[in-house]
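Reviewing the structure listed below.
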Amino acid sequence: MKITGVKTYLFDPGTAKNLLFCRVDTDEGIHGWGEGYVVAGKEKAVEAYIQGMAPHLIGRGPFNIKHTGQVMFDDFVTKRSSPDFYCAWSAIEIALWDIVGKKLGQPIYNLLGGPSREKIRVYANGWRQGAKTIDEVAERAARVVQSGFSAMKFDPFPGPWRQFISRKDEDHAVETVRRVREAVGPDVDLLVEVHRRLAPMHAIRVARRMEEFNPFWYEEPCLSDNIDLVAQAKREIRIPVVTGEALHTKADFKEVFERQAADIINPDSCGCGGILALLEIAAMAEPYAVAVSPHNYNGTAIGLAATAHISAVATNFLIAECFLNLKPACDEIMVKPLEVENGFVELPTEPGLGIDIDVAKLERRPFREPKKEIRHYWEEYPRQGHL
């Protein structure tokens, strides 16, 4: 069996950002679906990477996943790491696993050691989009619990993302967590997102103020490009610390483990090199007693399916991410949508990823030019400082 074609699709889910899908075809009529992680405004950059790699995939065997990935790194990008490359290769890698599973008549998790669990616990994200006040955030949090979720993630900090923030912004974040805790009760897990924004002095102080609300975790308190900052904050924070969504390689995570910078890692299957790459990172984490919680700011079609297969196999799996605001549009284009019931996703049982996409429906929602506001630093803070 040989690869005969690679095609990209930019899909508008009607919210947040476009999603980037990839379909790989073979000479036996078996096709595979993959997805690459993108951010609003950069979707076409990752798509261009996939399109640039596509001619080098034609004629190769879809079973040669590891070798093809090494060739792409060694020869296509000449051993130069970049987030866009890993996001693009992730889409192809996932699609190749989909093909292999279909060819062998097995779900992907059965080809990677078999499942460690029958269903995957997921937390809700994307539920507070558009909420402008703390009251609105608390009301939406209560609705998430009513829909069956027992865990939810949210960023309580006001925008824009800045490394040094005012005491007013700190107070806003703490008050938001307090109100959400009151709205959902004591038994719901609250996952606090910080988005890599804070200097350690802010990250530590805010985390200590939030302790009384019993957060499940405190995600990416500091810039992970400088993992020493995350490690510095973790040493002083008594809530489990997460990092990893903005890291893309095993070498990146090696630094996390050696510096004891996280209790939990959250690499993204659509951004760290794909299914096998994330499982290898998870295996690296095991000797350090670090849990893995796959990040998934991707669709609830391909991205969530890939995440489910990874989460099924990884013995140190904790919980995975599900974006509620992307699910309606993704369900619309899926032949059989993945079901989320009471905060769990049942493992797909069909071969490969266990899902398929209706191309005609997919093409009815083409790329939408995203609107991403750029806010300038000097418009936010007075010149005399804000600490």
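Nearest 0.05, what FRET efficiency do Q163 and D228 give at R0 = 22 Å with Cβ-Cβ as r? The partial results should precede the final answer.
Numbers: r = 15 Å, r/R0 = 0.67.
Taking R0 as 22 Å, the efficiency between Q163 and D228 is 0.90.
Working from Cα positions, state the angle (0 to 90°, nearest 10) between the long axis of helix 275-285 and the longest principal axis of the chain.
On a 0 to 90 degree scale, this one is about 50.
Distance from the Cα centre of region 107-157 to that of region 252-292, in angstrom?
A separation of 21 Å, based on Cα centres.
Using Cα springs under 10 Å in a Gaussian network model of the chain, which residue among A124, A45, A262 shows the largest mean-square fluctuation?
Result: A45 has the largest fluctuation of those listed.
By the gyration tensor of its Cα atoms, with a ≥ b ≥ c the square roots of the eigenvalues, what is the shape of region 3-106: rounded for a/c under 1.5, prolate for a/b over b/c, or oblate?
Because a/c hits 1.5 or more and a/b fails to exceed b/c, region 3-106 counts as oblate.
Return the label of the correct value of percent of Cα pairs over 38 Å apart, as calculated from the structure shown, out of (i) 50; (ii) 16; (iii) 43.
It is the value labelled (ii).
When the chain is treated as a GNM, springs tying every alpha-carbon pair under 10 Å, which of H67, H202, H295 comes out with the largest mean-square fluctuation?
Largest GNM mean-square fluctuation: H67.
Quick one: which residues, 5+ away or cross-chain, put their amide H under 5 Å from the amide H of Q106? H built at 1.01 Å from N.
Long-range HN contacts for Q106: G352.
Would you please put 113-122, 266-275, 6-15 in order of how densely packed they are, using the mean number of other Cβ atoms within 10 angstrom per residue and starting with the highest?
Result, highest mean first: 266-275, 6-15, 113-122.
Can you give the Kirkwood hydrodynamic radius of region 96-181 from its Cα pairs, in Å with one decimal?
16.2 Å
With a 10 Å radius around each residue's Cβ, average the other Cβ atoms per peptide and rank 139-146, 228-235, highest first.
Highest mean packing first, the order is 228-235, 139-146.
Rounded to the nearest 0.05, what FRET efficiency do Q146 and N64 have when you use their Cβ-Cβ distance and R0 = 41 Å?
0.30
At a Cα cut-off below 20 Å, give the lysines reachable from K250, other chains included and same-chain residues fewer than 8 away excluded.
Here the lysines satisfying the reach criterion relative to K250 are K66, K79.
Can you give the % of DSSP beta bridges in the chain that are antiparallel, to the nearest 5?
In the chain, DSSP labels about 50 percent of beta bridges as antiparallel.
Run the numbers on region 67-147 and let me know its relative contact order in percent, using alpha-carbon pairs under 8 Å that are six or more apart.
14 percent
Short version: ³J(HN,Hα) in whole Hz for each residue of region 232-237, in order, from phi by Karplus 6.51 cos²θ - 1.76 cosθ + 1.60 (θ = phi - 60°), x for Gly and Pro, what are they?
4, 5, 4, 4, 10, 9
Taking springs between alpha-carbon atoms closer than 10 angstrom, which of Y86, Y49, Y297 fluctuates most in the Gaussian network model of the chain?
Checking each option, the largest mean-square fluctuation is seen for Y49.
When the chain is fully extended, how far beyond the present Cα-Cα distance does K119 get from R205, taking 0.36 nm per residue of separation?
27.3 nm
Through the Karplus equation 6.51 cos²θ - 1.76 cosθ + 1.60, θ set to phi - 60°, convert the phi angles of region 21-38 into ³J(HN,Hα) values in whole Hz; use x for Gly and Pro.
Those phi angles translate into 10, 9, 10, 10, 10, 10, 6, 9, x, 8, 10, x, 10, x, 9, x, 5, 9 Hz.
Between the helical axis of 167-184 and the dominant principal axis of the chain, each derived from Cα atoms, what acute angle in degrees is found, rounded to the nearest 10?
That works out to roughly 70 degrees.
Please compute the modelled spin-label separation between A40 and F76, points set 7 Å along Cα→Cβ, answer in nm with one decimal.
Spacing of the two 7 Å Cα→Cβ label points: 2.9 nm.
Each residue of region 260-265 in turn: what ³J(HN,Hα) in whole Hz from Karplus with 6.51, -1.76, 1.60 and θ = phi - 60°, glycine and Pro shown as x?
6, 8, 8, 8, 9, 10
Values quoted throughout were computed directly from the atomic coordinates according to the rules given, and no laboratory measurement underlies them. All figures in this text were calculated on a predicted structure; none of them were measured in a lab. Glycine also receives a Cβ, built like all others from the backbone with ideal geometry; neighbour counts cover every protein chain displayed.
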